[in-house]
Amino acid sequence: LNIGVLVSGGGSNLQAIMDRIESGYLKNVQIVTVVSSKTGVYALQRAQEHGINNTCISRKSFESMEAYDDALIRHFDAHKADLVVMAGFLSILGESFNKFYDKRVINIHPSLIPAFCGKGFYGIIPHRHVIESGVKVTGATVHFVELEADTGPIILQKAVYVEDEDTPESLQKRVMEQAEWEILPEAIKLYAENRLVIEGRRVKIV
Ligand code: GRF
């Protein structure tokens, strides 16, 4: 399975995928390209160090959503990507990208969707809301991407308990280490093994 990875920042989720490929957990999976929405991010350096094709394609270089979508589609298609993985990606994909890669784009979100998600909930922000709301459990979600942010059929979720002394930063760190870096590679494995069956809003693992 050829995967293309969309990033915007540190790339710790990208690193988790690279590590699982190297450990043999992800068999017959290769990262064919890494695309960042921003230049100079550590995620691009991680790809470079692993000899993986990497580039920056940023929304602001295009005069329309369609032109941006088209550039992304042409890039991923040129690299024969079968699955596109959004790993800490902070830009948005438009109608034509989602049509072209229908049910072939997955995203990792740092909360238990439908809680603490949607417009404006990215990076540290969900964790701040989790602490302020007093909930005892949060976690991470991997889902198929649809046009509206964080709304597609859910593939995997993993819960993480909120501790009394947690700060947004300590909580984000634990959600990444104990949930994100585990369920994103696992979702890719299930996809590669054709074990994901979408039935309406639900994803069955067969
Ligand atoms: C993390 O908070 C992750 O939950 C979200 O983006 C942030 C950075 O991820 N998806 P990464 O280190 O760039 O993978």
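The values are calculated or read from the model by the stated rules, or taken from the named source; none is laboratory data. Since we're looking at a predicted model, the values are computed, not measured. Positions of Cβ are generated from backbone atoms using ideal geometry, with glycine treated the same way; all protein chains shown enter the neighbour counts. These area figures cover heavy atoms from the full protein model, side chains too; ligands, DNA and RNA do not enter into them. Shrake-Rupley method; radii C 1.70, N 1.55, O 1.52, S 1.80 Å.
Could you work out how far apart the two model spin labels at Gln48 and Arg202 are, taking each label as a point 7 Å from the Cα in the direction of the beta carbon, and quote it in nm?
So the two model labels end up 4.7 nm from each other.
For the chain, what relative contact order do you get, as a whole percent, if you take Cα pairs closer than 8 Å and at least 6 residues apart?
Numbers: 395 pairs, mean separation 39.2, N = 206.
Answer for the chain is 19 percent.
Net charge around Arg20, counting only other residues with Cβ within less than 13 Å of its Cβ (Lys, Arg = +1; Asp, Glu = -1)?
Local net charge: -3.
Using a 1.4 angstrom probe on heavy atoms only, work out the carbon and sulfur share of the accessible area of region 98-206 in %.
53
Under 15 Å from the Cα of Lys99, which aspartates and glutamates turn up, not counting those fewer than eight places away in the same chain?
List returned: Glu66, Asp69, Asp70, Asp77, Asp82, Glu146, Glu148.
Straight-line reach from Lys103: which lysines have a Cα under 23 Å away, not including same-chain ones fewer than 8 places off?
Lys27, Lys80, Lys119, Lys158, Lys189, Lys204
Quote the relative contact order of region 149-206 in percent (integer), defining contacts as alpha-carbon pairs under 8 Å separated by 6+ residues. Each step should come with its number before you reach the end.
Numbers: 39 pairs, mean separation 24.9, N = 58.
Relative CO of region 149-206 lands at 43 percent.
What accessible area per residue, rounded to a whole number of Å², is obtained for the chain using a probe radius of 1.4 Å?
Accessible area per residue: 49 Å².
For the pair Asn28/Glu63, report the inter-label distance in nm, with labels modelled 7 Å from Cα in the Cβ direction.
Output for this residue pair reads 4.5 nm.
So, counting K/R as plus one and D/E as minus one, what does the shell of residues with Cβ under 12 Å around Ile3 add up to?
+3
Give me a comma-separated list of calculated 3J(HN,Hα) values for region 24-35, in order, Karplus coefficients 6.51, -1.76, 1.60 applied at θ = phi - 60°, integers in Hz, x for any Gly or Pro.
For region 24-35, the Karplus curve yields x, 5, 9, 8, 6, 10, 9, 7, 8, 6, 10, 10 Hz.
Expected output is a single nm value to one decimal: the length gained when fully extending between Glu95 and Glu132, i.e. 0.36 nm times separation in residues minus the C-alpha distance. What is it?
9.9 nm
Could you tell me the distance between the Cα centroids of region 77-109 and region 158-187, to the nearest Å?
A separation of 24 Å, based on Cα centres.
If each of Tyr161 and Leu147 carries a label point 7 Å out from its Cα toward its Cβ, how far apart are those two points in nm?
Placing both labels 7 Å beyond Cα along the Cβ direction yields 4.3 nm.
How would you classify the chain from its alpha-carbon gyration tensor, with a ≥ b ≥ c the square roots of the eigenvalues: rounded for a/c under 1.5, else prolate if a/b is greater than b/c, otherwise oblate?
Since a/c stays below 1.5, the shape of the chain is classed as rounded.
Sort Arg74, Arg128, Arg46 by heavy-atom solvent-accessible area, probe 1.4 angstrom, most to least.
Sorted by accessible area, descending: Arg74, Arg128, Arg46.
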